[in-house]
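The values are calculated or read from the model by the stated rules, or taken from the named source; none is laboratory data. The model shown is predicted, which means the values in this text are computed figures rather than measured ones. Virtual Cβ from ideal backbone geometry, glycine too; neighbours counted across all protein chains shown. Only protein heavy atoms, including side chains, enter the accessible area calculation; ligands, DNA and RNA are left aside. Shrake-Rupley method; radii C 1.70, N 1.55, O 1.52, S 1.80 Å.
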Amino acid sequence: MNKSELIEHIAKQADISKAAATRALEALIGGVKSTLKKSGNVSIVGFGTFAVSKRAARSGRNPRTGAAIKIKAAKVPKFRPGKALKDAVN
């Protein structure tokens, strides 16, 4: 399912227009992004938790030349599914 299919699904399930569903989805994504940018967590009960994790600096290899390179430390978004989501998938 891609973004436009998700918007169609939201519009149909909530009985709202596609424009309203698009605004709702964009608001959700924007809220998650801004919270993660501030290193916060977003927990949606029954669905899961979005969090920020720190990845340490490490050394790697350039696949083209084989030369060693340094990869900087970074903050990366993580998602941990909730119990209800796990149960729905299994």
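Data for the structure
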read-out	value
Within the accessible area of the stretch 20-90 (1.4 Å probe), percent carbon and sulfur	58
Chymotrypsin sites (Phe, Trp or Tyr not before Pro) within the stretch 40-90, DSSP loop, no more than 16 other Cβ atoms inside 10 Å	PHE47
Per residue value of the accessible surface for the stretch 1-77 (all protein chains in place, 1.4 Å probe), Å²	79
Per-residue [θ]222 nm for the chain (sum of -39500 (n - 2.57) over DSSP H runs n ≥ 4, rounded to 500)	-13500 deg cm²/dmol
Cα gyration tensor shape of the stretch 34-90, rounded if a/c is under 1.5, else prolate or oblate by comparing a/b with b/c	oblate
The chain: angle of helix 18-37 to the longest principal axis, Cα-based, in degrees nearest 10	40
Net +/- balance of residues flanking GLU5 in space, Cβ distance below 15 Å, scoring K and R +1, D and E -1	+2
